[in-house]
Amino acid sequence: MNNLKARLAKERRFRLYGILSIALALTLLSILFISIFSQGYTAFQETKIQLDINFEQSVLDPKKTKDWDVVKKANFNILIKNSINELFPDVSGRSQKRKLKKLISTSGEYQLRNYIKNNIEAIGTTKKMWLLADDDVDMLIKGHINRSLPENERRIDNDELKWIEVLETKKIIKKFFNKTFFTSGDSAESEQSGILGALLGSLFALSITLIISFPIGIATAIYLEEFAPKNNKFIDFIEVNINNLAAVPSIIFGLLGLAIFLNFFELPRSAPLVGGMVLSLMTLPTIIISSRVSMKAVPPSIKEGALGVGASEIQAVFHHVVPVAIPGMLTGTIIGMARALGESAPLLVIGMVAFIVDIPQSVTDPATALPIQIYLWADTPERGFVERTSAAIIVLLIFLILMNSLAVYLRQRFEKDIN
Amino acid sequence: MSITSILLIIGLFSISGYYAGLKKSLVLRENKKFHSAPIYHGALLAINSSLSSIFFIISWLIIEKNFYTDLESFRNILYIISIIIFLTVSLLTFKKIKHDFQARDNLEKIIQYFLLVCSLLAILVTIGIFLSVIFESNKFFGVISITEFLFGTHWSPQMPIREDQAGSSGAFGAVPLFAGTFLIAFISMCIAGPIGLMSAIYLSEYASKKTRSIVKPLTEILAGIPTVVYGFFAVVVVAPFIRNTGSNFGIEIASESALAAGLVMGIMIIPFVSSISDDVINSVPQNLKNGSLGVGATKSETIKKVIIPAALPGIIGGLLLAVSRAIGETMIVVMAAGMSANLTANPFEAVTTVTVQIVVLLVGDQEFDSPKTLAAFALGLVLFIITLILNYIALHVVRKYREQYE
Amino acid sequence: MYNTDVMNDNKNIIDSDDLISQTPSKLDNAKTVGNIHVEDPRIIAKNINVYYDNKIAINNVSIDIGKNEVLAMIGPSGCGKSTFLRCFNRMNDTIESCIVEGELYLDNENILDKKTDVVPLRAKVGMVFQKPNPFPKSVYDNVAYGPKIHGMAKNKIELDEIVIKSLEKAGLYEEVKDRLDTPGTSLSGGQQQRLCIARTIAVNPEVILMDEPCSALDPIATARIEELIYELKENFTIIIVTHSMQQAARVSQRTAYFHLGSLIEVGSTDKIFTTPQHKLTESYITGRFG
């Protein structure tokens, strides 16, 4: 009996291994979330500087035409220069002045231009305007640049730091909600870049995916579950095929898209149309398999009842089996769509990976997708992009969580309906 | 006129055809019992005529594109004929509407064929994959011999033509890629295998229902995280951590080490392993467990001596699926593993993988027929075959296992 | 104990090796005891054979069924009575491996003929199943479904009328008239089964098949259904498969006893239960097996 002690010790150790592995998995999960969240949350704010902009008549519209076509050719940069020089009258020298102007993002010019486009009457007046700060300033304000480091180790030198501190004491440098991030496309300047383009690219691609894979997937599931002859070699072959496709690496689907959609059918490169088509082939097996599972769960007695009152096979299936199974089918579809939303490898292969500034307007415009945008930004070493990468990941995860919660809700409803 | 507008016209015609058929059968039904309900007559009329004219348009377009490009100038004739076909078929179907016309049976046959065609798409996709990779690989093997590709140990597709080289481009010996792929897959399985399996065992055998209902969804979150996020995690958190740890111990670790990529891939695969193992363990019959517990074995002894041996085929099947997953995974390695081929078994060095090279070869503007792009398809072919074999064996093993206890 | 699922039914038969030796050879009707014929028959079954995967499940059964009569089919589990019942509306078509041979006339039409359209047939020969299987829809939609697909009502008013009448005939209307739009699945077991009967009646069938309609119900609900069957016989021909001999005795005029796929004995219900002719019938009735 004295080995009982040893056995029980072994038992405890074994149990501990189990707990440890779960704890390890969950720790890794939380490290992942914490690291991404802690790096990303600051990207939801952007730093702006308030300047007194004098929309000088002599600069914008010397001939007093009040014609936008004339005004739009004016140099709006001068206005910013003048304004910031006024704020720091003791800064002299060309290079110093240029450095001073660089505190403001290059997008400031466009911001003023847009303002005048909509308020042409403002020419000749002075207005306080919040202009986007440069990304380095943004990083400093958000505390990602340590002010106590020696000058040569930080991206903001002592002069700039001094100026920023002046702005801070004057309270004309402030953090706002980052609208730019959600309303613009990619940009070479991190403070001007946003996810709207990528988000729309994903949306277009997923719409194509849904349009293709949902009807075909469900039709396939209905056929295989209800109409296909049983014990038929050919049908078995179809089923083996579907199961295998579900486990084929996603990049292979990209190769298929490249060879067939792009080279054979000559569809446009980098377009969400092709991306959506490739993703739909990838999503199909998921939809088929889960739809079949939910159709199997519908009690056969319901179908028998319909046949018993003289419904045809098709009527029984479409009037009774499918309506009951639909929430289950939708669950599978949403899970498939969520996976497609997070998928990037096949999109890389069909060229949806490029620096695209324009917001796509249709499914044939060149575009990226949200995960691809993350991939592209992750490759950029600038601190501003690291922050935005994490923020884009947070946005992606929020979408995935929403989709999965919807799927869970539908599954619970389905299970309630079945019982 | 364009194809879109003609399709729109056909659509509108179909709607009116539907109502025409519906109306006629409704009127006729006043006097005599009908075989099929009126909506079927209407629907059949609409579908019959629109399908036949769309079929005509498609065949015309295929002929035009592939055989007689001159036909394009006769597009107007195409439109007229397709409308005529539509009207003729409508009229013929309309005439057929009688009390004993089996509209429903006809319509249902069409639906069944539609369903069948949809399920054929799955085969079409497989064939499409096969054809595209084999066709392009074949072109590649016309330039580089298969043996050189499969057994060569030097991979540098970007290199300019060397004089002692038989091929027209760089070196395409893929062994370093295979080695790198398996090294990373091996590291990831070393992480995911034990952790995934142990958590499955704990969750299915020890954990209370409440713990299970909390922990299981949490581990499933791991499965739902996009791979690009794992890739970012590897680059920003794991790789620097490993490098710093290494330098603390005086070991030099590359910033794109196989270890970092494999580790993160392992994390990604944990939920995959644990959910399959969980299923498998749960399908071991309870009385088998009771038998062992009944003779005084501890829980862990029961698990080790009874449950695991019984569940082994299923677990192996699951692990094989996980390996296939690891081999085919792209984003993590593209972001966290190296770009240049390096034949080594040292996990601290940077290696590259098959999937990384496919991406490297295909991203950027490429002529389609250069050996560089074709090489990507050859790699794709190898990847496809390996994963297909692994999947087939795994699915087969798992199915056989399930049948055993059903 | 109510093991009458069709597939299981036949597995039992397949398992018994002595089946072949016990069953009569083809076209040998002499083995059925009692008179299989009735005057002015509604349905004539001639030499029906049913096979599952080439194993015989119903062996050469012939029987007539008269107008407005209730025929009870009894026998031990696995005797093939459910399988035989499902021949009358071709429900066996839904089982792929099942082959039905022979002739079955309903109104002088051989319904086993491949050319017969099963859809109108099933409207004419309704079926009530062992377990209540209302559609997961409202009470109203459950009953209205049949009339709708057969285009029996020209408008909503007619449809309402059919639904109410059918529910009344099934003796359910008073209980559910205030909640026609609650799901059919929310009713009690007995009510569900009556709803299924109403659903069957709604398409105005001539024959109603009942496959152990009370096996999933409690005694009170059973009594209510039996009462209903008694009333329905005024308008319909009813064939009922039952496990309960008391039920057969209570509701039917004629009873047929099946054993291992063969029709052993048929006769008026009183006679079968009081003076069975065949030894097998007697053993079953006296409870020696079942």
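Which ones in the stretch C:183-195 are open to solvent by less than 40 Å² (accessible area, probe 1.4 Å) and outside any helix (DSSP H, G or I)?
Residue satisfying the conditions is C:187 alone.
Return the total of residues in the stretch C:163-214 being closer than 29 Å to residue C:92 by Cβ and basic (Lys, Arg).
Selection size over the stretch C:163-214: 3.
Being within 13 Å of chain B (Cβ to nearest Cβ), under 30 Å from residue A:384 (Cβ atoms) and of a type in the set (A, V, I, L, M, F, W, C) narrows it down to one of A:221, A:198, A:205, A:228, so name that one.
Going through A:221, A:198, A:205, A:228 in turn, the sole match is A:198.
If we keep just the residues of the stretch C:147-173 that are within 14 Å of chain B (Cβ to nearest Cβ) and among the hydrophobic types (A, V, I, L, M, F, W, C), which is most open to solvent (accessible area, probe 1.4 Å)?
Among those residues, the one meeting the criterion is C:152.
Applying the selection to the stretch C:248-263, what residues are buried (at least 22 other Cβ atoms within 10 Å of the Cβ) and at negative phi?
C:248, C:251, C:252, C:254, C:255, C:256, C:257, C:258, C:259, C:262, C:263 - these are the residues of the stretch C:248-263 that are buried (at least 22 other Cβ atoms within 10 Å of the Cβ) and at negative phi.
So if I check each of B:281, B:332, B:269, which one is in contact (Cβ under 8 Å) with a residue 60 or more places away in the chain and more than 26 Å from residue B:180 (Cα to Cα)?
One residue alone meets the criteria, B:281.
May I ask you to verify whether residue A:313 is facing chain B (nearest Cβ under 9 Å) and either over 29 Å from the mean Cα position of the chain (by Cα) or of a type in the set (A, V, I, L, M, F, W, C) (or both)?
yes
Residue by residue through the stretch A:253-270, note down the ones that are facing another protein chain (nearest Cβ under 7 Å) and either without any contact (Cβ under 8 Å) to a residue 40 or more places away in the chain or not in a helix (DSSP H, G or I) (or both).
Listed by number, the residues that qualify are A:256, A:259, A:260, A:263.
Pick from A:403, A:352: which is aliphatic (A, V, I, L, M), within 12 Å of chain B (Cβ to nearest Cβ) and in a loop (DSSP other than H, G, I, E, B)?
A:352
Might you let me know whether the stretch B:227-238 holds any residue that is more than 30 Å from residue A:375 (Cβ to Cβ) and in the same structural domain as residue B:180 (by TED's automatic domain parsing)?
Looking through the stretch B:227-238, none of the residues is more than 30 Å from residue A:375 (Cβ to Cβ) and in the same structural domain as residue B:180 (by TED's automatic domain parsing).
What about residue A:380, is it of a type in the set (S, T, N, Q), within 12 Å of another protein chain (Cβ to nearest Cβ), surrounded by fewer than 18 Cβ atoms within 10 Å (Cβ to Cβ) and farther than 25 Å from residue A:246 by Cα?
In short, yes.
If residue C:62 satisfies every condition in (1) modelled with pLDDT of 75 or more; (2) over 20 Å from residue C:127 (Cβ atoms); (3) assigned to a loop (DSSP other than H, G, I, E, B) but one, which is the exception?
So the condition that residue C:62 fails would be (3).
What pairs come up if the first residue lies in the stretch A:192-206 and is in contact (Cβ under 8 Å) with a residue 40 or more places away in the chain, the second is charged (D, E, K, R) and open to solvent by 40 Å² or more (accessible area, probe 1.4 Å), and their beta carbons are under 8 Å apart, counting only those six or more places apart or on different chains?
Cβ pairs passing all conditions: A:197/A:358.
If residue A:24 satisfies every condition in (1) open to solvent by 80 Å² or more (accessible area, probe 1.4 Å); (2) without any contact (Cβ under 8 Å) to a residue 24 or more places away in the chain; (3) more than 14 Å from chain B (Cβ to nearest Cβ); (4) within 36 Å of the chain's Cα centre (by Cα) but one, which is the exception?
Unmet condition: (3).
Starting from residues that are open to solvent by less than 10 Å² (accessible area, probe 1.4 Å) and touching a residue at least 24 places away in the same chain (Cβ under 8 Å), keep the ones in the stretch B:284-303 and report whichever is farthest from the chain's Cα centre (by Cα).
Among them, the one singled out is B:303.
Given the conditions (1) of a type outside the set (Ser, Thr, Tyr); (2) outside the structural domain of residue A:332 (by TED's automatic domain parsing); (3) part of a helix (DSSP H, G or I); (4) surrounded by fewer than 21 Cβ atoms within 10 Å (Cβ to Cβ), and given that residue A:234 satisfies all but one, which numbered condition is not satisfied?
(2)
Do we find that residue A:329 is within 12 Å of chain B (Cβ to nearest Cβ) and in contact (Cβ under 8 Å) with a residue 24 or more places away in the chain in this structure?
Considered against the rule, which asks whether it is within 12 Å of chain B (Cβ to nearest Cβ) and in contact (Cβ under 8 Å) with a residue 24 or more places away in the chain, residue A:329 comes out as no.
Among the residues of the stretch B:5-12, are any touching a residue at least 60 places away in the same chain (Cβ under 8 Å), in a helix (DSSP H, G or I) and touching a His at 6+ places or on another chain (Cβ under 9 Å)?
No: zero hits.
For the stretch B:99-140, how many residues are touching a residue at least 60 places away in the same chain (Cβ under 8 Å) and either touching a strand residue (DSSP E or B) at 6+ places or on another chain (Cβ under 7 Å) or buried (at least 20 other Cβ atoms within 10 Å of the Cβ) (or both)?
Residues that pass the stated criteria total 10.
Say whether the condition of being free of Cβ contacts under 8 Å to residues at least 12 places away in the same chain and of a type in the set (D, E, K, R) is met by at least one residue in the stretch C:71-93.
No.
Which one of these is touching a Cys at 6+ places or on another chain (Cβ under 8 Å) and either of a type in the set (S, T, N, Q) or crowded, with 20+ Cβ neighbours inside 10 Å (or both): A:305, A:351?
Among A:305, A:351, only A:305 is touching a Cys at 6+ places or on another chain (Cβ under 8 Å) and either of a type in the set (S, T, N, Q) or crowded, with 20+ Cβ neighbours inside 10 Å (or both).
Can you name every residue in the stretch B:213-231 that is under 15 Å from residue B:275 (Cα atoms), at the interface with chain A (Cβ under 7 Å from one of its Cβ atoms) and either β-branched (Val, Ile, Thr) or open to solvent by less than 10 Å² (accessible area, probe 1.4 Å) (or both)?
Correct list: B:215, B:219, B:221, B:222.
Exactly one condition in (1) surrounded by 18 or more Cβ atoms within 10 Å (Cβ to Cβ); (2) at pLDDT 85 or above; (3) touching an Asp or Glu at 6+ places or on another chain (Cβ under 7 Å) is false for residue B:261; which is it?
Result: residue B:261 passes all but (3).
How many of the residues in the stretch B:211-234 are at pLDDT 90 or above and part of a helix (DSSP H, G or I)?
8
With open to solvent by less than 20 Å² (accessible area, probe 1.4 Å), in a strand (DSSP E or B) and among the hydrophobic types (A, V, I, L, M, F, W, C) as the only criterion, which of C:43, C:56 stands out?
Just one listed residue meets the conditions, C:43.
Out of (1) part of a strand (DSSP E or B); (2) within 10 Å of chain A (Cβ to nearest Cβ), what's the single condition that is false for residue C:210?
(2)
Sort through A:298, A:363, A:321 and tell me the only one that's of a type in the set (Val, Ile, Thr), closer than 30 Å to residue C:90 by Cα and outside any helix (DSSP H, G or I).
Exactly one residue qualifies, and that residue is A:298.
Quick one: is residue B:318 modelled with pLDDT under 85 and more than 10 Å from every other protein chain (Cβ to nearest Cβ)?
Answer is no for this residue.
The values are calculated or read from the model by the stated rules, or taken from the named source; none is laboratory data. What you see is a predicted model, and the numbers here were worked out from it, not measured in a lab. Here Cβ is always computed from backbone atoms with ideal geometry, including for glycine, and neighbour counts include all displayed protein chains. The area values use the complete protein model at the heavy-atom level, side chains included, leaving out ligands, DNA and RNA. Shrake-Rupley method; radii C 1.70, N 1.55, O 1.52, S 1.80 Å.
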